[in-house]
Amino acid sequence: MKPITEEDLRASFVNCSRGEAKRLGLPRGFTDLPWDDLDFLGWRDPGAPARAYLVAERDDSLVGIALRVTSGASRAFTSRSMCSLCLTTHTSGGVALMTARRTGEAGRQGNTVGQYMCADLACSLYTRGKRQAAGGAAVEESLTLEEKVARTRANLRSFLAKVPG
Ligand SMILES: [Zn+2]
């Protein structure tokens, strides 16, 4: 994705209040992120670990989604989980249930959508092999990098499409 400014980032959020968007903690190293390798910007709030955010390009604008992080506490330590966006398999703790409040009327009624995602939201880096899942043996796939990137982006688009109420 193209580099974005703090102002663009804060203005992009669709499912939280302006005040929340203004206060949220920026990703670490925000001014020096590997933008070329990012399909979307995803991060955990450095000051509030139960909150996560993702900002993605959609058409010519940005869409930011505030997420609540639910760790899979009931899962056995040895169990493995798969991220629904990049399909990376992690050991327990590497994947978390991320829940987004929907927008519009659905959101006012308390409606949310949730999906299991990489707990650090670094799907773009896992997809490109720039970050390895802890203890995870990468599943050998016959897809090219371009195909994997396209798949991650398609999964992200379908998640984003569920948020509007
Ligand atoms: Zn992922």
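Rule-based calculations on the coordinates, nothing more; no lab input. Only a predicted model underlies this, so the values are computations on that prediction, with no experimental measurement involved.
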Give me the percent relative contact order of the chain, please, defined on Cα pairs under 8 angstrom at least 6 residues apart. 20 percent
Would you calculate, for the chain, the mean residue ellipticity at 222 nm contributed by helices, counting each DSSP H stretch of 4 or more residues as -39,500 (n - 2.57) and dividing by all residues, to the nearest 500? -6000 deg cm²/dmol
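Calculate the tail of P(r) for the stretch 84-165: the fraction of all Cα-Cα distances greater than 15 Å, expressed in %.
Numbers: 1992 of 3321 pairs.
That tail contains 60 percent of the Cα-Cα pairs.
Would the stretch 1-146 count as rounded, prolate or oblate if I go by the C-alpha gyration tensor, calling it rounded below 1.5 in a/c and otherwise prolate when a/b exceeds b/c, oblate otherwise? Intermediate results must be reported in sequence, preceding the final value.
Numbers: a/c = 1.81, a/b = 1.27, b/c = 1.42.
Judged from the Cα gyration tensor, the stretch 1-146 comes out oblate (a/c at least 1.5, b/c at or above a/b).
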Cα gyration tensor of the stretch 8-62, axes a ≥ b ≥ c as square roots of the eigenvalues: rounded (a/c below 1.5), prolate (a/b > b/c) or oblate? oblate
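Length gain on complete extension for the stretch Arg28 to Ser61, per 0.36 nm per residue less the alpha carbon to alpha carbon distance? Walk me through the numbers before you get to the answer.
Values: separation 33, 0.36 × 33 = 11.88 nm, distance 2.30 nm.
Going from the current span to full extension adds 9.6 nm.
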